[in-house]
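Encoded as C-alpha cells, the structure appears first; notes follow it.
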Amino acid sequence: MAVAHTIILVLLTTSWAWAAGTESTFGCYESIISFGDSIADTGNLRRLRSANNQPDSARLPYGRTFFHHPTGRFSDGRLIIDFIAESLGLPLVQPYLGGADAAVNGRSFDKGVNFAVAGATALDISFFEERGIYNPMTNVSLGTQLHWFKQFLATIPESRKFLQRSLILMGEIGGNDYNHPLEQGKSPQETQSFGTAIVESIGTTIQELIKLGAKTILVPGNLPIGCIPAFLTKFEKSSSKQDYDSTIGCLNWLNKLSIYHNELLQKELTRIQKLNPHVHIIYADYYNATLRLYLSPTQFGFSKDILRACCGAGGPYNFNEVVRCGNPGATCCDDPSIFTSWDGLHYTEAAYRLIAQGLLQGPYTTPRFKDICPSITISGPAAQVSEY
C-alpha cells in the first residue's frame, strides 16, 4: 500500500516576457509550477514507468468523471491543482516529464509545469533505505523535483523575475514520509520521530526557492490520514474501540500524527517568514479543509457512509491491498460524487473541489488566499484541457 500525499505548486504571476500569450483573465498569476506527490501528480509517474509497468492511474476507471480517460491522476477526475488553475483562468498544469518532445505532442509549459510524482517523499530515498524502508512507487524525492525545476529554470530568460511573479505551492509534501514507514510496519513512535527532518527538508527547499526569487509560497499541511480507508483497513484488527473517533470513526492516533506534522510545519513557516518579511508565505490547512467533509458529509452532498472508498474490492471500507482499484476484481461505484475517497488512498474529484474551495475562498489558509488574490473565483471560465 502506498499512500501518496505529497505535493508542491508554483503559480506564476505575470506575463512571461519571453513567451507569446495574453495575460491571465484574473490577473493574479499567469502560470502554475507544481511539486509534490499523488495529490498533485498530473501524469509524471505514468511517464517514469515503462509501458509494461504502468501505475493504476494509467487505467480506467481512473479519470472517468472529467477526462473520460486515464491521465495519470490518482482520482476519478480533477485534483486540487486543477481547481486552482481553473480558478485562476489558466489551463490545467502539464507534467514535466516527457517535456523534451513537447513541441511534437503539442504540450507547452507557457502557463505552468508540474514536477509532482506520485509516491514522492520530502526526504531523500537514502534516509529511508538506511532504516530498512523502501518506496514501492518511485525513488523521486523533493530534492529530485527541485533539481528538475532548476534545470527547467535555466531555460528561462530572466528567471528571477519569472519567480518573483509566481505563486509557489509547496506541497502537500511529506505525507509519504510517514505513510511508507507505517505501511511497512514501523511503529508510530519511530515514524513520528522523522517529523523534524521532514519539515527541515521542506523548509530548506522553501528557502532555496526564495533565494531564486520566489515571492509568494503556498505551503499545505498533511491530510487527516486516520480517515483513509487504506489505513482503516490495515489497522482494523489491531485497533480497539477507544482508538477511533466516536463521531466519525477515524483513527485518532493517525490523525494526531498529521496534526503533529502540521504544527511542526507551521513553526518552520513562521521562522522562515521572519527571516524573509518581503515574501508571502501562506499555510494551507488541508487537514481541516478535509476533516469538515467527514464531520458533515450530507451537508456537502456525500453519503453517510463517508469512510468507504468508491472504487475497491470489498470489505468494511471497500479497500483491499491485494486487489486495488483499476485491477481485475475491483469494482467502481456508480456515482463517485457522493464519496470522499476514490480508491481508498486518494480522494474523489468532488472532495478535491470542496478542499480547493475551502482554500481559495474560505478560511483554510493563513493568511487568507483571497486577501492576497481577491479576484480568485471558483466559478471562472472552464479551463483549457489538453490531451496528455
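The values are calculated or read from the model by the stated rules, or taken from the named source; none is laboratory data. This structure is a prediction, so every number in the text was calculated from the model and none was measured. Note that each Cβ is placed from the backbone with ideal geometry, even for glycine, and that neighbours are counted across all protein chains shown. Protein only, heavy atoms only, side chains kept; ligands, DNA and RNA dropped before computing areas. Shrake-Rupley method; radii C 1.70, N 1.55, O 1.52, S 1.80 Å.
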Given a Förster distance of 22 Å, the FRET efficiency implied by the Cβ-Cβ spacing of Asp335 and Leu295, rounded to the nearest 0.05, works out to 0.55
Restricting to lysines and to Cα separations under 18 Å from Lys241, and discarding same-chain partners fewer than 8 apart, the set is Lys256
Once Tyr260, Tyr178 are ranked on solvent-accessible area with the largest value leading and a 1.4 Å probe, the list reads Tyr260, Tyr178
Partner lysines whose C-alpha sits under 20 Å from that of Lys111, ignoring same-chain residues fewer than 8 away, are Lys150, Lys161, Lys215
Placing each pseudo-label 7 Å from Cα in the direction of the beta carbon, Arg160 and Glu263 end up separated by a distance in nanometres of 4.0
Taking R0 as 22 Å and r as the Cβ-Cβ distance between Leu153 and His278, the FRET efficiency 1/(1 + (r/R0)^6), rounded to the nearest 0.05, comes to 0.65
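Only Lys, Arg, Asp and Glu count, each charged at its Cβ (+1, +1, -1, -1), so figure out the dipole size of segment 56-204 about its Cα centre, rounded to 20 debye. Mind dumping the intermediate values first?
Details: 12 positive and 15 negative charges, 102 e Å.
Charge dipole of segment 56-204: 480 debye, to the nearest 20.
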On each of the three principal axes the extent of the alpha-carbon atoms of segment 134-177, given in whole Å and largest first, is 39, 19, 11
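Can you compute the equivalent ellipsoid semi-axes for the chain, i.e. the square root of 5 times each eigenvalue of the Cα gyration tensor, sorted largest first and rounded to whole Å?
Result for the chain: semi-axes of 30, 23, 21 Å.
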Taking r as the C-beta separation of Ser193 and Asn288 and R0 as 25 Å, the FRET efficiency to the nearest 0.05 is 0.50
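Within segment 274-333, list the trypsin sites (Lys or Arg not before Pro) lying in a DSSP loop whose Cβ has at most 16 other Cβ atoms in a 10 Å radius. The partial results should precede the final answer.
Details: sites: Lys274, Arg292, Lys304, Arg308, Arg324; in loops: Lys304, Arg308, Arg324.
Filter output for segment 274-333: Lys304.
Using the Cβ atoms and a cut-off under 14 Å, what net charge is assigned to the surroundings of Phe128, where Lys and Arg are +1 and Asp and Glu are -1?
The answer is -4.
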